[in-house]
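Engineer: Below is one structure. I have some questions about it.
The values are calculated or read from the model by the stated rules, or taken from the named source; none is laboratory data. All figures in this text were calculated on a predicted structure; none of them were measured in a lab. Virtual Cβ from ideal backbone geometry, glycine too; neighbours counted across all protein chains shown. Just the protein is used for accessible areas: all its heavy atoms, side chains included, with ligands, DNA and RNA removed. Shrake-Rupley method; radii C 1.70, N 1.55, O 1.52, S 1.80 Å.
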Amino acid sequence: MCGNNMSLPLLAEAVTVSGTEKETAAVRDHTNTILHGWADAMTAIQLPHVKYICPHAPRIPVTLNMKMTMPSWFDLMGLSPDSPEDEAGIKRAAENIKAIIDHEAKNGIPANRVLLGGFSQGGALSLYTALTCQQQLAGVVALSCWLPLHKSFPQAASASGNRDMPILQCHGEMDPMIPVQFGAMTAEKLKVIVNPQKITFRTYPGLMHSSCPQEMAAVKEFIEKQLPRI
(Lines give C-alpha, C1' and ligand atoms only; values in the text may rest on other atoms or scores of the structure.)
Protein backbone atom coordinates (compact mmCIF):
# COMPACT_ATOMS: atom_id res chain seq x y z
CA MET A 1 0.00 0.00 0.00
CA CYS A 2 1.28 3.42 -0.90
CA GLY A 3 1.69 6.33 1.45
CA ASN A 4 2.32 6.62 5.17
CA ASN A 5 -0.15 4.36 6.95
CA MET A 6 1.08 5.17 10.43
CA SER A 7 -1.13 8.26 10.53
CA LEU A 8 -4.10 5.87 10.15
CA PRO A 9 -3.89 3.14 12.82
CA LEU A 10 -6.65 1.11 11.13
CA LEU A 11 -4.55 0.92 7.96
CA ALA A 12 -1.32 0.19 9.83
CA GLU A 13 -2.90 -2.91 11.38
CA ALA A 14 -5.11 -3.94 8.45
CA VAL A 15 -4.67 -7.10 6.40
CA THR A 16 -4.27 -6.05 2.77
CA VAL A 17 -4.69 -8.46 -0.13
CA SER A 18 -3.00 -6.74 -3.05
CA GLY A 19 -4.04 -7.02 -6.68
CA THR A 20 -1.86 -8.91 -9.13
CA GLU A 21 -1.89 -6.08 -11.65
CA LYS A 22 -2.31 -2.29 -11.47
CA GLU A 23 -4.83 -1.60 -8.72
CA THR A 24 -7.66 0.62 -9.92
CA ALA A 25 -10.24 -0.19 -7.24
CA ALA A 26 -10.47 -1.17 -3.59
CA VAL A 27 -12.79 -3.12 -1.32
CA ARG A 28 -12.87 -2.46 2.41
CA ASP A 29 -13.95 -5.53 4.32
CA HIS A 30 -14.88 -4.54 7.87
CA THR A 31 -14.94 -7.47 10.24
CA ASN A 32 -15.00 -7.54 14.00
CA THR A 33 -11.98 -9.81 14.07
CA ILE A 34 -9.80 -11.51 11.51
CA LEU A 35 -10.83 -14.82 13.14
CA HIS A 36 -14.07 -14.53 11.18
CA GLY A 37 -11.90 -15.62 8.23
CA TRP A 38 -12.99 -12.83 5.92
CA ALA A 39 -9.44 -12.00 4.84
CA ASP A 40 -9.21 -15.57 3.55
CA ALA A 41 -12.59 -15.16 1.86
CA MET A 42 -11.37 -12.02 0.14
CA THR A 43 -8.39 -13.94 -1.19
CA ALA A 44 -10.74 -16.59 -2.60
CA ILE A 45 -12.78 -14.03 -4.55
CA GLN A 46 -9.94 -11.68 -5.39
CA LEU A 47 -9.94 -9.80 -8.69
CA PRO A 48 -6.52 -8.95 -10.19
CA HIS A 49 -7.17 -5.19 -10.40
CA VAL A 50 -8.72 -4.86 -6.93
CA LYS A 51 -7.01 -4.33 -3.57
CA TYR A 52 -8.83 -5.72 -0.53
CA ILE A 53 -8.28 -3.90 2.76
CA CYS A 54 -9.43 -5.74 5.89
CA PRO A 55 -9.05 -3.46 8.93
CA HIS A 56 -9.29 -4.92 12.43
CA ALA A 57 -11.92 -3.55 14.79
CA PRO A 58 -10.41 -2.04 17.95
CA ARG A 59 -10.73 -3.91 21.23
CA ILE A 60 -13.28 -2.21 23.48
CA PRO A 61 -15.58 -3.20 26.38
CA VAL A 62 -18.90 -4.43 24.94
CA THR A 63 -22.07 -4.16 27.00
CA LEU A 64 -23.67 -7.18 25.32
CA ASN A 65 -20.62 -9.23 26.33
CA MET A 66 -20.87 -8.32 30.04
CA LYS A 67 -18.51 -5.39 29.42
CA MET A 68 -15.69 -7.76 28.50
CA THR A 69 -13.13 -6.38 26.07
CA MET A 70 -13.39 -7.76 22.54
CA PRO A 71 -12.90 -6.57 18.95
CA SER A 72 -15.84 -4.33 18.13
CA TRP A 73 -16.35 -1.30 15.92
CA PHE A 74 -18.71 0.22 18.48
CA ASP A 75 -20.48 -0.82 21.68
CA LEU A 76 -23.45 -3.15 21.40
CA MET A 77 -26.28 -3.01 23.93
CA GLY A 78 -28.51 -5.48 22.09
CA LEU A 79 -29.24 -7.01 18.70
CA SER A 80 -32.86 -6.06 18.10
CA PRO A 81 -34.38 -3.11 16.17
CA ASP A 82 -35.36 -1.38 19.42
CA SER A 83 -32.10 -1.84 21.32
CA PRO A 84 -30.28 1.31 22.50
CA GLU A 85 -27.31 2.19 20.32
CA ASP A 86 -23.83 3.65 20.75
CA GLU A 87 -24.39 6.71 18.57
CA ALA A 88 -21.03 8.33 19.35
CA GLY A 89 -19.13 5.09 18.75
CA ILE A 90 -20.94 4.39 15.46
CA LYS A 91 -20.21 7.87 14.14
CA ARG A 92 -16.58 7.71 15.27
CA ALA A 93 -16.08 4.34 13.54
CA ALA A 94 -17.66 5.68 10.33
CA GLU A 95 -15.32 8.68 10.33
CA ASN A 96 -12.35 6.33 10.68
CA ILE A 97 -13.49 4.40 7.59
CA LYS A 98 -14.04 7.64 5.67
CA ALA A 99 -10.44 8.57 6.53
CA ILE A 100 -9.29 5.37 4.81
CA ILE A 101 -11.37 6.28 1.74
CA ASP A 102 -9.68 9.70 1.67
CA HIS A 103 -6.27 8.06 2.03
CA GLU A 104 -6.90 5.77 -0.92
CA ALA A 105 -8.09 8.71 -3.04
CA LYS A 106 -4.82 10.53 -2.36
CA ASN A 107 -2.97 7.41 -3.52
CA GLY A 108 -4.77 6.99 -6.82
CA ILE A 109 -8.00 5.09 -6.12
CA PRO A 110 -10.95 7.51 -6.27
CA ALA A 111 -13.98 7.09 -4.02
CA ASN A 112 -16.18 5.94 -6.88
CA ARG A 113 -13.86 2.94 -7.26
CA VAL A 114 -14.20 2.01 -3.58
CA LEU A 115 -16.69 -0.59 -2.39
CA LEU A 116 -17.42 -1.08 1.30
CA GLY A 117 -18.35 -4.46 2.69
CA GLY A 118 -18.53 -6.49 5.83
CA PHE A 119 -20.17 -9.21 7.88
CA SER A 120 -22.38 -8.68 10.94
CA GLN A 121 -21.26 -5.49 12.75
CA GLY A 122 -18.79 -4.83 9.92
CA GLY A 123 -21.64 -4.91 7.40
CA ALA A 124 -23.66 -2.60 9.61
CA LEU A 125 -20.76 -0.13 9.73
CA SER A 126 -20.36 -0.36 5.95
CA LEU A 127 -24.00 0.59 5.42
CA TYR A 128 -23.91 3.50 7.87
CA THR A 129 -20.61 4.83 6.51
CA ALA A 130 -21.73 4.74 2.89
CA LEU A 131 -25.12 6.31 3.56
CA THR A 132 -23.56 9.22 5.46
CA CYS A 133 -20.61 9.70 3.08
CA GLN A 134 -20.66 12.76 0.81
CA GLN A 135 -18.37 11.05 -1.70
CA GLN A 136 -19.92 8.75 -4.27
CA LEU A 137 -18.87 5.14 -3.65
CA ALA A 138 -19.06 2.08 -5.91
CA GLY A 139 -21.41 0.13 -3.65
CA VAL A 140 -21.87 -1.84 -0.43
CA VAL A 141 -21.85 -5.54 0.43
CA ALA A 142 -23.80 -6.02 3.66
CA LEU A 143 -23.80 -9.58 5.03
CA SER A 144 -25.91 -10.76 7.99
CA CYS A 145 -26.33 -7.26 9.36
CA TRP A 146 -28.55 -4.27 10.04
CA LEU A 147 -28.58 -0.49 9.57
CA PRO A 148 -27.26 1.28 12.70
CA LEU A 149 -29.17 4.32 13.95
CA HIS A 150 -31.96 3.38 11.53
CA LYS A 151 -34.37 5.85 13.12
CA SER A 152 -32.12 8.74 12.00
CA PHE A 153 -32.72 7.88 8.33
CA PRO A 154 -33.54 9.07 5.71
CA GLN A 155 -32.63 12.46 7.24
CA ALA A 156 -29.10 11.28 8.11
CA ALA A 157 -28.46 10.62 4.42
CA SER A 158 -29.59 14.06 3.24
CA ALA A 159 -26.04 15.09 2.26
CA SER A 160 -25.00 11.65 1.04
CA GLY A 161 -23.53 11.16 -2.41
CA ASN A 162 -24.87 7.61 -2.42
CA ARG A 163 -28.62 7.84 -2.89
CA ASP A 164 -28.26 5.86 -6.13
CA MET A 165 -25.69 3.37 -4.86
CA PRO A 166 -25.95 -0.39 -5.48
CA ILE A 167 -26.30 -2.48 -2.31
CA LEU A 168 -26.02 -6.25 -2.03
CA GLN A 169 -27.54 -7.47 1.21
CA CYS A 170 -27.35 -11.17 2.11
CA HIS A 171 -28.69 -13.01 5.15
CA GLY A 172 -28.96 -16.58 6.44
CA GLU A 173 -32.56 -17.68 7.01
CA MET A 174 -31.59 -19.52 10.21
CA ASP A 175 -29.45 -16.74 11.70
CA PRO A 176 -29.94 -16.96 15.52
CA MET A 177 -28.00 -13.76 16.32
CA ILE A 178 -29.47 -11.31 13.82
CA PRO A 179 -32.74 -12.87 12.62
CA VAL A 180 -33.46 -12.72 8.91
CA GLN A 181 -36.57 -10.66 9.71
CA PHE A 182 -34.25 -7.91 10.96
CA GLY A 183 -32.38 -8.13 7.66
CA ALA A 184 -35.66 -7.86 5.74
CA MET A 185 -36.67 -4.80 7.80
CA THR A 186 -33.28 -3.27 6.96
CA ALA A 187 -33.83 -3.91 3.24
CA GLU A 188 -37.22 -2.17 3.39
CA LYS A 189 -35.70 0.79 5.24
CA LEU A 190 -32.94 1.07 2.64
CA LYS A 191 -35.57 1.38 -0.08
CA VAL A 192 -36.67 4.76 1.32
CA ILE A 193 -33.06 5.98 1.54
CA VAL A 194 -31.59 4.95 -1.80
CA ASN A 195 -32.99 4.02 -5.20
CA PRO A 196 -34.96 0.82 -4.42
CA GLN A 197 -34.04 -0.64 -7.79
CA LYS A 198 -30.39 -0.66 -6.67
CA ILE A 199 -31.03 -2.88 -3.64
CA THR A 200 -30.62 -6.66 -3.83
CA PHE A 201 -31.64 -8.71 -0.78
CA ARG A 202 -30.79 -12.42 -0.90
CA THR A 203 -31.51 -15.03 1.76
CA TYR A 204 -30.01 -18.49 2.12
CA PRO A 205 -32.04 -21.44 3.53
CA GLY A 206 -30.42 -23.25 6.44
CA LEU A 207 -27.64 -20.68 6.81
CA MET A 208 -26.95 -19.44 10.34
CA HIS A 209 -24.79 -16.44 11.35
CA SER A 210 -22.16 -17.34 8.80
CA SER A 211 -21.52 -17.46 5.08
CA CYS A 212 -21.69 -20.11 2.37
CA PRO A 213 -20.20 -20.67 -1.10
CA GLN A 214 -23.36 -19.46 -2.83
CA GLU A 215 -23.22 -16.20 -0.90
CA MET A 216 -19.54 -15.70 -1.70
CA ALA A 217 -20.29 -16.33 -5.38
CA ALA A 218 -22.94 -13.60 -5.24
CA VAL A 219 -20.45 -11.25 -3.57
CA LYS A 220 -17.82 -11.90 -6.24
CA GLU A 221 -20.36 -11.31 -9.02
CA PHE A 222 -21.42 -8.02 -7.39
CA ILE A 223 -17.83 -6.81 -7.03
CA GLU A 224 -17.04 -7.72 -10.64
CA LYS A 225 -20.07 -5.74 -11.80
CA GLN A 226 -19.48 -2.65 -9.66
CA LEU A 227 -15.68 -2.56 -10.02
CA PRO A 228 -14.97 -3.57 -13.64
CA ARG A 229 -11.42 -3.48 -14.92
CA ILE A 230 -10.53 -0.10 -16.47
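Engineer: Over 31 Å between Cα atoms: which of K67/K198; K189/K220; K67/K191; K191/K220; K67/K106; K98/K198 fall into that group?
Structural biologist: With Cα atoms farther than 31 Å apart: K67/K198; K67/K191; K67/K106.
Engineer: Put a dot 7 Å past each Cα toward the Cβ at A159 and N107; how far apart are the dots in nm?
Structural biologist: The answer from the label model is 2.7 nm.
Engineer: Still on this structure: What number comes out for accessible area per residue over region 88-230 if the probe is 1.4 Å? Units Å², please.
Structural biologist: For region 88-230, the per-residue accessible area is 41 Å².
Engineer: Which residues among region 195-209 fall inside the zone where the amide N is under 14 Å from a point 7 Å beyond the Cα of M174, along Cα→Cβ?
Structural biologist: Once the point is set 7 Å along Cα→Cβ of M174, 204-209 turn out to lie under 14 Å by backbone N, inside region 195-209.
Engineer: With charges set only on the Cβ (+1 for Lys and Arg, -1 for Asp and Glu), what does the dipole of region 73-190 come to about its Cα centre, in debye to the nearest 20?
Structural biologist: 400
Engineer: OK, next. Under 1.5 on a/c is rounded, so check that first for region 83-230, then, if it is not, pick prolate when a/b is larger than b/c and oblate when it is not; a ≥ b ≥ c are the square roots of the alpha carbon gyration tensor eigenvalues.
Structural biologist: Judged from the Cα gyration tensor, region 83-230 comes out oblate (a/c at least 1.5, b/c at or above a/b).
Engineer: Full-extension gain between M77 and E95, please, as 0.36 nm times their residue separation minus the C-alpha to C-alpha distance.
Structural biologist: Length gained, M77 through E95: 4.4 nm.
Engineer: Using a simple spin-label model with points 7 Å from Cα along the Cα→Cβ vector, what separation in nm is obtained for H209 and V192?
Structural biologist: 2.8
Engineer: Something else now. Going 7 Å from the Cα of I230 toward and past its Cβ, which residues in region 91-110 have a backbone nitrogen under 13 Å from where you end up?
Structural biologist: Label zone hits: 105, 108-110.
Engineer: Dipole magnitude of region 158-219 about its Cα centre, charges +1 at Lys/Arg Cβ and -1 at Asp/Glu Cβ only, in debye to the nearest 20?
Structural biologist: 240
Engineer: Another question, then. How large are Rg and Dmax for region 49-93 when calculated on the C-alpha trace, in angstrom?
Structural biologist: Calculated on Cα positions, Rg and Dmax stand at 12.8, 43 Å.
Engineer: Right, here's the next one. Using a 1.4 Å probe over the heavy atoms of the protein chains, calculate the carbon and sulfur portion of the accessible area of region 110-187 as a whole percent.
Structural biologist: Roughly 57 percent, rounded to a whole number.
Engineer: To continue, here is another question. Given R₀ = 35 Å, what would the calculated FRET efficiency be for A184 paired with E221, taking r from the Cβ atoms and rounding to 0.05?
Structural biologist: FRET efficiency, A184 to E221: 0.95.
Engineer: How large is ³J(HN,Hα) for each residue in region 45-50, as worked out from phi by the Karplus curve 6.51 cos²θ - 1.76 cosθ + 1.60 (θ = phi - 60°), to whole Hz, x for Gly and Pro?
Structural biologist: Result, ordered by residue: 10, 5, 10, x, 9, 10 Hz.
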